[in-house]
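Undergrad: This is the structure, below, for whatever I ask next.
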Amino acid sequence: MNTIDLHCHTTASDGRHSPTELVQMAAELGLRAIAVCDHDSTEGLEEALAAGRAAGIEVIPAVELSCDVAEGELHMLGYYPDYADRAFQAELTRLRTGRIGRAQAMVQKLTALGYPISFQRVQELAGDGAIGRPHIAQALIEARLVQNKGEAFERLIGRQGPAYVERAKLSPADACRMLRRVGGLPVFAHPFIALASGRVLEPMPVEGSLPALVEAGLAGLEVYYPNYTPALIERLLRLSRRYGLLVTGGSDFHGEGSAGAALGGVYVPPKCLAALKQAHQSASRPTAAGQNED
């Protein structure tokens, strides 16, 4: 029985459930620990932690940073960051603000291309969370301009699409350094994209990128993930052993009907959480040299 999910989202970014609802769902499923990893946002953590205390569920504070590489986009998870740090929050605000301007520009491009949607509706779909392309895709579906999110991304708002707009930049190495500055443990999120068809995509050459990322402070690899085959998992486990990295995993749960597995739907060995907690307890946060005073 699976009792751990180290990759979950809430309405603080693009999840469908509030932090309290997510924790309640985890309790009903018999999970004992979850990590809340919203995109470029820690706004849901206080609520999730309070709900966890009430429900007897361990909530691990985390964040998922969106990073840019030449080959596309990848994500860096950060576990146990000091999310009250003002400089850290300023950087998250910069990333989220960039998302708003980007979404506005994409809506303008779509309208010019003959796919008119309302930016106000996109904002409504995002709610209090970080606005992103999934909300634009949902607005296109509601307007009956595309059939589903896959079509929206493939034809219009994917990286090669005519309405695509770049967003605020953050490199994977800079994300690692930023997380380390606030005591966080950076973990390379879903290093491979494993499609249901069996095809495996590699946004950035994993083996070739690890030495530089480890030097920048990378602490772990997300090894257990939806659609990952035993062979793919073993490949990542070998890399984790070679570089002395932590191993994590989770469902990437956003809500029913969204991409990713069901909450708790990916088995994560309990020793992964034990090692993560031990690494957090033994990590020492840098002092004034790595922090802003303002």
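Undergrad: Of all residues being outside any helix (DSSP H, G or I) and among the small types (G, A, S) in region 18-39, which is farthest from P134 (Cα to Cα)? Just the residue, please.
TA: Selected residue: G30.
Undergrad: Something else now. Taking Q108 as the residue in question, decide whether it is under 24 Å from E73 (Cα atoms) and not in a loop (DSSP other than H, G, I, E, B). Quick ask: steps written out before the conclusion?
TA: Working: under 24 Å from E73 (Cα atoms): yes; not in a loop (DSSP other than H, G, I, E, B): yes.
Yes.
Undergrad: Give the residues of region 237-256 that are of a type in the set (G, A, S), out of contact with any helix residue (DSSP H, G or I) (no Cβ under 9 Å at 6 or more places or on another chain) and more than 20 Å from V36 (Cβ to Cβ), sorted by residue number.
TA: Hit for region 237-256 is S240, nothing else.
Undergrad: May I ask you to say which residue of E166, E91 is over 22 Å from H254 (Cα atoms) and assigned to a helix (DSSP H, G or I)?
TA: Working: E166 fails: assigned to a helix (DSSP H, G or I).
When all the criteria are applied, what remains is E91.
Undergrad: May I pose another question? Could you give every pair whose Cβ atoms fall below 6 Å, whose first residue belongs to region 91-106 and is closer than 14 Å to S13 by Cβ, and whose second residue is of a type in the set (V, I, T), counting only separations of at least 6 or pairs across chains?
TA: Sorted first by the residue in region 91-106, then by its partner, the pairs are R99/I131; I100/I131; A103/V122; A103/I131.
Undergrad: Next question. Go through region 243-263 and give me each residue that's within 27 Å of L22 (Cα to Cα), touching a strand residue (DSSP E or B) at 6+ places or on another chain (Cβ under 9 Å) and either at pLDDT below 95 or not hydroxyl-bearing (S, T, Y) (or both).
TA: Correct list: L246, V247, G249, G250, D252, F253, H254, G260, A261, A262, L263.
Undergrad: OK, next. Kindly provide the set of residues from region 44-85 that are more than 15 Å from L6 (Cα to Cα), over 14 Å from the mean Cα position of the chain (by Cα) and of a type in the set (D, E), ordered by number.
TA: E46, E47, E71, D82, D85
Undergrad: Could you please give the count of residues in region 204-242 that are within 19 Å of S171 (Cβ to Cβ) and touching a strand residue (DSSP E or B) at 6+ places or on another chain (Cβ under 9 Å)?
TA: 12
Undergrad: Among the residues of region 169-187, write down those that are modelled with pLDDT of 95 or more and either touching a Gly at 6+ places or on another chain (Cβ under 7 Å) or assigned to a loop (DSSP other than H, G, I, E, B) (or both).
TA: Listed by number, the residues that qualify are C176, R177, L179, R180, R181, V182, G183, G184, L185, P186, V187.
The values are calculated or read from the model by the stated rules, or taken from the named source; none is laboratory data. None of these values were measured; they are calculated from a predicted model. No Cβ is skipped: glycine too gets one built from the backbone with ideal geometry, and neighbour counts run over all protein chains shown.
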